[in-house]
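The values are calculated or read from the model by the stated rules, or taken from the named source; none is laboratory data. The shown structure was predicted, so the numbers you read here are calculated from the model rather than taken from an experiment. Here the Cβ is made from the backbone with ideal geometry for all residues, glycine too, and neighbour counts use every protein chain on show.
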Amino acid sequence: MTVDNDLSKLRIDKESISRRQGKKKRYSLLLLALLLIFLLVILYFQGVLKPALEVQVTTVQRIYPAQTFTLLNASGYVVAQRKAAVASKLTGRLVFLGVEEGSRVKKGEVIARLENDDAKAALERAKANVKVARFNLKQSRAELDDVVLDYERNKKLVEKDIIARSQFDSAEARYKKAKAAVSAHKAALRASKAALKEAEVSLEYTIIRAPFDAVVLTKNADIGDIVTPIGAAADAKSAVVSIADMDSLQVEVDVSESNIEQVKVGQPCEIQLDALPEERFRGVVHMIVPTADRTKASILVKAAFLDKDPRILPEMSAKVAFLSRQVTPEEEKPLKALPETAVVSREGETLVFVVRNNRALKTPVHLGKHLDTMVQILDGVEVGEQVAIAPLDKIKNGIKVKVAQE
């Protein structure tokens, strides 16, 4: 064996190695492709690669049972049926103000007082005049008594011709004069008493009192302001405060002429305030105002609150639901509810499909009472969750879904 032959045996066959490596690579790629196809088949049958099913959804709601027997809804505002802008009959400077916004006042309670030194002086003068008139009357009565005695004595004497007729005539004249003086002083006393009453009333006009039990809504003047009933002077105030009787609060709503036949006086209703969305207040139709508003083709309806609540304030926005019957005590509490079309029965289970993270998840639920087209949900879902309502025959647990755009 030669050296060249030995070296040829040690030479590497690159072509053979390349063929073997290419063969292994093809096997690896084929195996990888088969694994990928297998994985895609699994994902497809699991619904991962299927297109999302378009579904219609509804929301789990918190409803009141009265919503299921509501005939008509209307919007309006809370309005005090008895309110007043309290002012003075006189013009004067405000020197005392004893209330502020939110203050509760009783009928006859002093709210404010105007400067009244001149009225007080006039009252004292009137009182003094009454005393003078009483003294004058007392004096004239005493004089009348004396003149009466003289008149009676002279009358008897003239009848016996003891005195002259002229003397009796003088006595009679004095008697009539004294009697007239008493009448005059009586009239003067009555006049002075009337002047005293006038002075008392004038002084009372400077004191501003609450005309009825109420709550102060606004304060329109302050100490030092000129208050006048006319309000024509510059910077003058006509009203000191505005008050309202909170027991007279009612909701005024406009009802369309075409729907007014569904509303009757005494009809039960339910009132909801925008400021208290979680509360429902019992009410009753108090009045249907017997005139229509031609610009809105509506009629004003007033609904009264059956239950008083200090949180109810004038001018709050409100909604009134006119009911077909009275709400029972057990119907006053809200319930979780869904449309009946969202509930299905499968394999002995009552369930719904909750849409969460673009997936339809089978969720068992327990049902309560049926409320028209709604059904009460005792447990299983929470208020605010989205639940599929169509197409329920194509929905399976865990499939990919997308919410249909309305």
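What tally of residues in the range 237-257 results from selecting those that are farther than 22 Å from GLU109 by Cα and part of a strand (DSSP E or B)?
To start, the set of residues in the range 237-257 that are farther than 22 Å from GLU109 by Cα comprises 250-257.
Checking the rest, the ones that are also part of a strand (DSSP E or B) come to 250-256.
Number satisfying all stated conditions: 7.
Would you mind stating whether GLN405 is of a type outside the set (Gly, Ala, Ser) and out of contact with any Ser or Thr (no Cβ under 8 Å at 6 or more places or on another chain)? Don't jump to the end; show me each part of the working.
Numbers: of a type outside the set (Gly, Ala, Ser): yes; out of contact with any Ser or Thr (no Cβ under 8 Å at 6 or more places or on another chain): yes.
Yes.
Could you please give the count of residues in the range 344-377 that are touching a helix residue (DSSP H, G or I) at 6+ places or on another chain (Cβ under 9 Å) and within 17 Å of VAL57 (Cα to Cα)?
So the count comes out to 6.
Taking the conditions exactly as written (assigned by TED's automatic domain parsing to the domain that holds ASN259 and out of contact with any Ser or Thr (no Cβ under 7 Å at 6 or more places or on another chain)), does SER345 satisfy them or not? Can you show your working first?
On the way: assigned by TED's automatic domain parsing to the domain that holds ASN259: no; out of contact with any Ser or Thr (no Cβ under 7 Å at 6 or more places or on another chain): yes.
Against the criterion (assigned by TED's automatic domain parsing to the domain that holds ASN259 and out of contact with any Ser or Thr (no Cβ under 7 Å at 6 or more places or on another chain)), SER345 does not qualify.
Within the range 115-138, identify whether any single residue is modelled with pLDDT of 90 or more, of a type in the set (S, T, N, Q) and outside any helix (DSSP H, G or I), and answer yes or no.
Within the range 115-138 (the criterion being modelled with pLDDT of 90 or more, of a type in the set (S, T, N, Q) and outside any helix (DSSP H, G or I)), the answer is yes, since at least one residue qualifies.
Here are VAL110, VAL130: which of them is under 30 Å from PRO310 (Cβ atoms) and either assigned by TED's automatic domain parsing to the domain that holds VAL240 or surrounded by 12 or more Cβ atoms within 10 Å (Cβ to Cβ) (or both)?
VAL110
Out of the residues in the range 273-297 that are within 16 Å of VAL79 (Cβ to Cβ), in contact with a strand residue (DSSP E or B) (Cβ under 7 Å, 6 or more places away or on another chain) and in contact (Cβ under 8 Å) with a residue 40 or more places away in the chain, state the one that is surrounded by the fewest Cβ atoms within 10 Å (Cβ to Cβ).
ASP274
So which strands (runs of 3 or more DSSP E) are wholly in the range 32-97 and hold at least 1 residues that are within 21 Å of the chain's Cα centre (by Cα) and modelled with pLDDT of 80 or more?
Working: elements: 53-59, 61-63, 70-80, 83-86, 92-97.
Qualifying strands (runs of 3 or more DSSP E): 70-80, 83-86.
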